[in-house]
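The values are calculated or read from the model by the stated rules, or taken from the named source; none is laboratory data. Remember, it's a predicted structure, so these values are computed and weren't measured experimentally. Here the Cβ is made from the backbone with ideal geometry for all residues, glycine too, and neighbour counts use every protein chain on show.
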Amino acid sequence: MSVHEGAPPGAVAKYDELQRSILRGELVGLVAGTIMALGAVIAISLALTDVRNEFGLRADFAYNYAGVQQVDFVKYLARQGKQPAQPSAEALQAYSEWVAKNPKTVNVQVLNKYLGEKYNETANVFTYMAAYFTPGVGQSCEYCHNLQNFAAYEKPQKTVAKAMLIMQFELQKKWVNTIPRPEGQPLYHIKCATCHNGQAKFWNTSLKASNPELFGIAGGGNPTPYDMRNVGITLNGVTPSSYEVVDDQYLAARQDADGNINFYQVTANKDTPAGLNATYRNQYAMYHQNTALGVGCDFCHYGGYFKSYVTADGTFKWPKTQARHMQAMMQDIAINWFPQMPSVENPNQLQNYYAQPNCYMCHRGYVVPPGAYSFNEPFVPGVVSDIKPLVDLPLLKPILPNQ
Amino acid sequence: MATEVYREPFERRTKTVRYLKFLEGLADTQIGPIYLGMWGALAFFSYLLCVFITLIGWGEQVGWNPIRFLRELPVLTLYPPPPSYGLQIAPLREGGYWQLATLFLTLTLVFWTIRIWTRATANRLRPMVPIAFSAALFLYAAIYIIHPIWMNSWNEAPGHGLAAILLWTNHFSVKYGNFYYNPFHMVSIFGLLGSTLLLAMHGATILATLAYNSHREVDEIESSDEGTHRAQLLWRWVMGFNATAHSIHVWALGFATLTAVAGAIGVLTSGPFEPNWYLWGCRAGITPGIQASCPPVP
């Protein structure tokens, strides 16, 4: 017996036809909607590609034979609408008078100690200064020098620059020259531009407050949208303590007694503390490195097991061991160098407003920092002048492929 | 109208029935009667409290600024207490909000399950729906309650927020090696993909038989040479065998519950029984390639 018994004549057929017409409409709509959605996705992707190219968000890098991106510093500046700075005409005039009077340097203390006797010639010092200092910090000679007496320490900027130069060579000597690397991979040099990128003041806390996306939580903390602080997650103005963010005063990358950076080893074992906060922190530090170097996770990691230094087929992940080395350098900068940089306002005082270093500070979205140079002059290690590291951080025991 | 013929027996029971004609293409347009009852009321108010507490926590985080609230909604999160609190009750702003919200969320789900159970039995139905819902409840309990208790830290549980559950998924996988190598996760994915496949096959089959009055299920099953017979013939032609109108639903329920139950077992075994699923994969010999990434066997 049908449940429709007693229905008005024709009602069942009318209801059936209604259902069928709805289905036909749905099918047509489904197909049309799918085609339109696919079209929209393609159109938006193409548009975004254009936008990225338009605003220079695409890296125009070349790969060297070791597979490392290289970015041209001049192009990098051009993309921000800048040109590398040149010594001013006034400064060049003053220099020509100075070099005529003093063909040998008067008071050069750092370059000649790290790069050799060659830098006891004023002309060679000028060449170095014009090649690296001026474009690096975006300032002409008079920013630091008294043009009437280049040897004088009248301007505090010169004192700061000297301390920075010592730091540059010490970091080069201790960390960059010792980075574990595959045979054939070129070694780059830290110069002023590596961190400064054409700006004299670029990494202090007041800038940080106005450009949080550039800084993030220092020391392996997080830049960019992933940073919980940068997206403004606070409780009454204070970051919730249940999310134990990396404090600016401390670095994410901490060494244990064996020189291992255990902070990044979050995979559980019997010694891993309960809770996921360490994992959260680790992941934010990793996202920081993603964006700071413009790479995906598998640039350093084997996707199947992030803890491993080799992939399933035995390929050694050099970038992972290199990143570990660089994190230790970052720690060195934060602990030993930034805290003893003299203040520009008063060179007898220490800077107290620097922001902590992080990967983005130099890398700016590229594997090789745009301001890193290939520099072929011999390096004379071991002569340190005014400032020394506060703490003698041990070099990491490098993790190398099994022979 | 034929539609009214269908609904007459129900209409006699209640006067609260409404019809939403504009939804005709989407579903049955009858709204109501709805039954509240004690368990429904408890579930409702418990859920209200959970939402209220969550909103308070989120509101405090954005300084009660509605614009910031909307802007940051995707990442706003009530975090569980930090590991230092273990399983203790934490101050409100250090995870106490999360504990309260989770308590009421759990109560809501339990009350809701009981509510489905009582309504099913009151309607003289077998309690298959509450049983199916319990599978999801088990997965919830495993993630939010049982696993954190076994690990002695509420910090192991996900926060409450849109991004939070995605982050937890990633971080939980990272912490326990690699969840893709968790065999229970594999089974859970099998259930997930299997149930979507079954759902698609079933839904398409029913829609395919619309011309044979499959929207009038009872009639159609009773008559020969109607939709069901043709649909079953279709699958015999395609696969060599077919489900029955009964067994297809058993399959669907089985696969769907398998997803949640296997997932829950996968969560529960992570930590106390296997801290690192990748290493387990190495031992089990299921890692790809020549396994250079596996630690050497001692």
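When each of A:VAL41, A:VAL74 is tested for being within 32 Å of the chain's Cα centre (by Cα) and modelled with pLDDT of 90 or more, the lone residue that passes is A:VAL41. Here B:GLU8 fulfils each of the conditions (1) modelled with pLDDT under 75; (2) surrounded by 14 or more Cβ atoms within 10 Å (Cβ to Cβ); (3) in a helix (DSSP H, G or I) apart from (2). Anything in region B:258-288 that is hydroxyl-bearing (Ser, Thr, Tyr) and within 14 Å of chain A (Cβ to nearest Cβ)? List them, or say none. The answer is B:THR269, B:SER270, B:TYR278, B:THR287. For region B:52-96, a residue qualifies if it is at pLDDT 90 or above and more than 29 Å from the chain's Cα centre (by Cα), and exactly one does: B:PRO66. From the list A:ALA334, A:ALA355, A:ALA372, the lone residue that is under 20 Å from A:ALA200 (Cβ atoms), modelled with pLDDT under 80 and buried (at least 21 other Cβ atoms within 10 Å of the Cβ) is A:ALA355.
Taken over region B:145-171, the criterion of being aromatic (Phe, Trp, Tyr) and either touching a Cys at 6+ places or on another chain (Cβ under 8 Å) or crowded, with 21+ Cβ neighbours inside 10 Å (or both) is satisfied by B:TRP154, B:TRP168.
When residues in region B:169-183 are screened for being more than 17 Å from the chain's Cα centre (by Cα) and either within 17 Å of B:TYR140 (Cβ to Cβ) or hydroxyl-bearing (Ser, Thr, Tyr) (or both), 5 of them pass. Applying the criterion of being within 14 Å of another protein chain (Cβ to nearest Cβ) and surrounded by 20 or more Cβ atoms within 10 Å (Cβ to Cβ) to the residues of region A:291-303, the residue that is nearest to A:GLN185 (Cα to Cα) is A:CYS300.
Here A:ALA59, A:ALA89, A:ALA13 are screened, and the one residue that is of a type in the set (A, V, I, L, M) and at pLDDT below 75 is A:ALA59. Count of region B:78-95 residues, restricted to those that are more than 7 Å from chain A (Cβ to nearest Cβ) and assigned to a loop (DSSP other than H, G, I, E, B), is 6.
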